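Enquirer: Take this structure, written in structure tokens, and hold onto it; I'll ask about it next.
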């Protein structure tokens with residue numbers, strides 16, 4: 001069973017405490033999500049590094065349960 | 001007999017642009033891989049497509065190699081650039097085109 005939006009948000013928030021997180025369920029099927037993550041801790045990091053931080057927060061659930069997460073990361077204005 | 005790791009090393013060393021994807025550039029087998037192919041084709045750059053569905057070891061190894069959990073994965077001149085999301089974002093901001101220009105990879 002795939003994860004739900006709350007679970008995803010909680011995991012990201014645990015790994016990146018200052019993050020503002022917006023999750024959308026793209027197809028209402030619990031399997032395809034878009035996440036926008038905004039955090040000061042991303043400042044100075046490449047996109048790859050920023051995404052890796054989010055993947056790390058998701059704690060290995062990425063490849064397994066969550067096979068489609070469209071990710072956007074940015075630093076706060 | 002080269003290991004999978006060596007195969008990946010060689011592929012990204014010997015080819016300027018390498019896309020590890022699901023399916024082939026002519027027959028992508030996943031929406032994200034397809035998106036990546038479309039972007040590269042729009043930019044009109046030659047690239048090597050590596051179909052990870054052909055080899056389960058390769059499919060696993062590339063994720064460890066790049067420290068990146070998903071496919072597709074784009075390498076430019078041996079450097080990991082990102083997956084479909086990053087490619088799309090860089091494409092939209094023109095960063096991808098500029099990166100290719102800087103590396104003298106744009107065919108014009």
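Enquirer: Using R₀ = 25 Å, calculate the FRET efficiency as 1/(1 + (r/R₀)^6) where r is the Cβ-Cβ separation of residue B:106 and residue B:24; round to 0.05. Don't skip to the answer; put the middle values down first.
Expert: Numbers: r = 23 Å, r/R0 = 0.93.
Calculated transfer efficiency: 0.60.
Enquirer: Right, here's the next one. Put a dot 7 Å past each Cα toward the Cβ at residue A:56 and residue B:77; how far apart are the dots in nm?
Expert: Placing both labels 7 Å beyond Cα along the Cβ direction yields 2.7 nm.
Enquirer: Under a plain spin-label model, where a point goes 7 Å from the Cα along Cα-to-Cβ, how far apart in nm are residue B:56 and residue A:4?
Expert: Those two pseudo-labels are separated by 3.3 nm.
Enquirer: Under a crude label model (7 Å from the Cα following the beta-carbon direction), how far is residue A:77 from residue B:14 in nanometres?
Expert: In this crude spin-label approximation the distance works out to 5.1 nm.
Enquirer: Cut-off is 10 Å between beta-carbons; in what order do B:96, B:43 appear when sorted fewest neighbours first?
Expert: The order, fewest Cβ neighbours first, is B:43, B:96.
Enquirer: Counting other C-beta atoms within 10 Å, which of B:97, A:10 has the fewest, and how do the rest follow?
Expert: Sorted ascending by nearby Cβ count, the order is A:10, B:97.
Enquirer: Taking square-rooted eigenvalues a ≥ b ≥ c of the alpha carbon gyration tensor, is the stretch B:1-61 rounded, prolate or oblate, where a/c under 1.5 means rounded and, failing that, a/b exceeding b/c means prolate?
Expert: Taking the square roots of the gyration eigenvalues as a ≥ b ≥ c, the stretch B:1-61 is oblate.
Enquirer: While we're on this one: Which of rounded, prolate or oblate describes the protein assembly as shown when judged by the alpha-carbon gyration tensor and an a/c cut-off of 1.5?
Expert: prolate
Enquirer: Sort A:12, A:23 so that the residue with the fewest other Cβ atoms within 10 Å of its own Cβ comes first and the one with the most comes last.
Expert: Sorted ascending by nearby Cβ count, the order is A:23, A:12.
Enquirer: Sticking with this structure for a sec: As a test, work out the antiparallel percent of DSSP beta bridges whose residues both lie in chain B, rounded to the nearest 5.
Expert: 65 percent
Just so you know, all these numbers are worked out from the coordinates, no wet-lab data involved. Since we're looking at a predicted model, the values are computed, not measured. Note that we place each Cβ from the backbone using ideal geometry, even for glycine, and neighbour counts take in every protein chain shown.
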